[in-house]
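See below for the structure under consideration.
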Amino acid sequence: MGEFEEFAEALFGQLSVEINEEKEIMQLAINAREDIARKVEFKELEDIASEIFPEFKEKVQDFLGVKVADDLQLKFPELEDLKRLKGDKVFADAESKEFVKKLFNAVAKEDLKIIAELMKENTAKYLVYSTYAIQYISKITTTYGDYLDSVIYLNKFILSRYPQIILHKQGEPYESRFENVNSGYLGAVKMTVLEELIHSAQGNLHQINKSAAMEVNRINEELAGIILALDNETVNKLSEYCQLQAVPDDFPFAKKANLFFFLNPDHFLIEQIGPDVMTFTHVEIDPKIGESIPQLLDIYKRWLVPIQQHHAAFTAMEGMAGFAIENILKEDKDFQNYLMTFMGTDFSSYQVRKSMGKDFTKAVYEKLGKDTFKKMIEIPPNTRELKDPQLYLKKLS
């Protein structure tokens, strides 16, 4: 087996917990469906979502004071299509987008041969975008919905199976336990439709987030290219100096990959400096590393601006959605049952969960009321303003 093939196997090794969990969910759902059949029946996800969609669209428009597009569609992907969708949510330029599409398709099909071929085809792109495959696909079982290009996607793989699995785990008598679990199921669908409707209305914020993420990925591709072009002596010297795990000399790609993952700014700067790097305007690096890779400091400096824009926009988008959901659904019994039956918590615990974006939105809302959301979309906060909402309010005045 060649080095690229071994690396493809390693990718699935990193996803093995998630893949096993997916298989377990499928089997549990089959068992549950067989056991509860003819006793109780849950409504189809498509029917519930389509039924509540118009009402929740009105609720979002009313609460945010922002128009929701009329051409929105609902789609209900199963597992393999969900994994492909995650590739569509990786923001990259046109050339890299095609590579990402092929990579996520191969991961969805668990095709090691294609993945190894893609590594050979463009090793720099593989180093950058394989991390997204691991990160995004590992969250499929906890992500109920997505929004992209005028389409709201509801995770059918999870939302159509969890209610049956939960009821089955609670045990007999299913008839008397059904009402609470079904109410929680409705609450989960309501929350997901609501959240993705909110994301669909965040036009300018979404565009800033997308453009910034594309620039971060472009810079990371540039760094990967530089590291892959290093000679073996420099790679060995740097690996030793950075105390990276030893790799045999007959695995040159693995050595360079380890170095890239270590020096990648998303890892290196945040590990070395911490999350405060999101408010920094200047970075420095170890001179010994800089001697071996003279371009590295410039790459880190250029990376700071788009990563901060991406972080600020994404945090604002999530915070706005969290704040709106909390307020729109606070009296909703189905949502409260969702928290209890699916999450094992209650509304008061949900309400006090800390989130920088939600806390920022709440602070601005206390001053601006309904104008908050329009302002946040038109004039997004920066990373410093997220930590200190008064700076943002001052900027608006």
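The values are calculated or read from the model by the stated rules, or taken from the named source; none is laboratory data. These numbers were taken from a predicted model, which means no experiment stands behind them. Don't worry about glycine lacking a Cβ; one is built from the backbone with ideal geometry, like all the others, and counts go over all protein chains shown. With ligands, DNA and RNA removed, areas are computed over all heavy atoms of the protein, side chains included. Shrake-Rupley method; radii C 1.70, N 1.55, O 1.52, S 1.80 Å.
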Item to check | Amide H partners (placed H, <5 Å) of VAL151, local residues excluded | outcome: GLN73
Checklist entry - Which length gain, in nm to one decimal place, applies between GLU240 and LYS67 when the Cα-Cα distance is subtracted from 0.36 nm times their residue separation? => result 56.7 nm
Checklist entry - What FRET efficiency, computed as 1/(1 + (r/R0)^6) with R0 = 30 Å and r the Cβ-Cβ distance, is obtained for SER348 and GLU172, rounded to the nearest 0.05? => result 0.45
Checklist outcome for this item: For the stretch 354-359, in residue order, the Karplus 3J(HN,Hα) values (coefficients 6.51, -1.76, 1.60; θ = phi - 60°; whole Hz; Gly and Pro = x) are 7, 7, 4, x, 5, 5
Checklist entry - Taking the Cα atoms of the stretch 3-396 alone, what are Rg (to one decimal) and Dmax (as a whole number) in Å? => result 23.2, 71
Item to check | Cβ crowding within 10 Å averaged over residues, with 229-238, 200-209, 125-134 ranked highest first | outcome: 125-134, 200-209, 229-238
Item to check | Charge dipole (the chain, unit charges on Cβ, about Cα centre) - positive-most of VAL193, MET340, LEU386 | outcome: LEU386
Checklist entry - Taking the Cα-to-Cβ direction at LEU74 and at LYS89 and moving 7 Å from each Cα, how far apart do the two end points lie in nm? => result 1.9
Checklist entry - Order of 107-113, 327-333 by packing, highest average Cβ count within 10 Å first? => result 107-113, 327-333
Item to check | Rounded FRET efficiency, nearest 0.05, which uses the C-beta distance separating GLU58 from VAL283 and R0 of 51 Å | outcome: 0.60
Checklist entry - If the limit is 21 Å between Cα atoms, which of LYS43/LYS109; LYS67/LYS333; LYS109/LYS156; LYS43/LYS190; LYS109/LYS169 go over it? => result LYS43/LYS109; LYS67/LYS333; LYS109/LYS169
Checklist entry - Under a point spin-label approximation (7 Å from Cα along Cα-to-Cβ), what is the GLU44-ASN204 distance to one decimal in nm? => result 4.1
Checklist entry - What is the dipole size for the chain, taken about its Cα centre, with +1 at each Lys and Arg Cβ and -1 at each Asp and Glu Cβ, in debye to the nearest 20? => result 1080
Checklist entry - Given the pairs LYS139/LYS374; LYS75/LYS139; LYS125/LYS256; LYS256/LYS288; LYS75/LYS374; LYS101/LYS210, which are separated by over 25 angstrom at their Cα positions? => result LYS139/LYS374; LYS75/LYS374
Checklist entry - Farthest toward the dipole's positive end in the stretch 3-396, which of ALA69, LEU368, ILE115, given Cβ charges of +1 (Lys, Arg) and -1 (Asp, Glu) about the Cα centre? => result LEU368
Checklist entry - How large is ³J(HN,Hα), in whole Hz, for each residue of the stretch 242-248 in order, when computed from phi with the Karplus curve 6.51 cos²θ - 1.76 cosθ + 1.60 and θ = phi - 60°, using x for Gly and Pro? => result 7, 6, 7, 4, 5, 10, x
Next on the checklist: Helix-only mean residue ellipticity at 222 nm, the chain, DSSP H runs n ≥ 4 weighted -39,500 (n - 2.57), per residue, nearest 500. What is it?
Outcome noted: -23000 deg cm²/dmol
Checklist outcome for this item: With all protein chains present, the stretch 3-396 has a carbon and sulfur share of its accessible area (1.4 Å probe) in percent of 50
Item to check | Gain upon complete extension [THR143, LYS23; 0.36 nm per residue less C-alpha separation] | outcome: 41.5 nm
Item to check | ³J(HN,Hα) computed for each position of the stretch 133-140 - Karplus, 6.51 cos²θ - 1.76 cosθ + 1.60, integer Hz, glycine/proline x | outcome: 4, 5, 5, 6, 6, 5, 9, 4
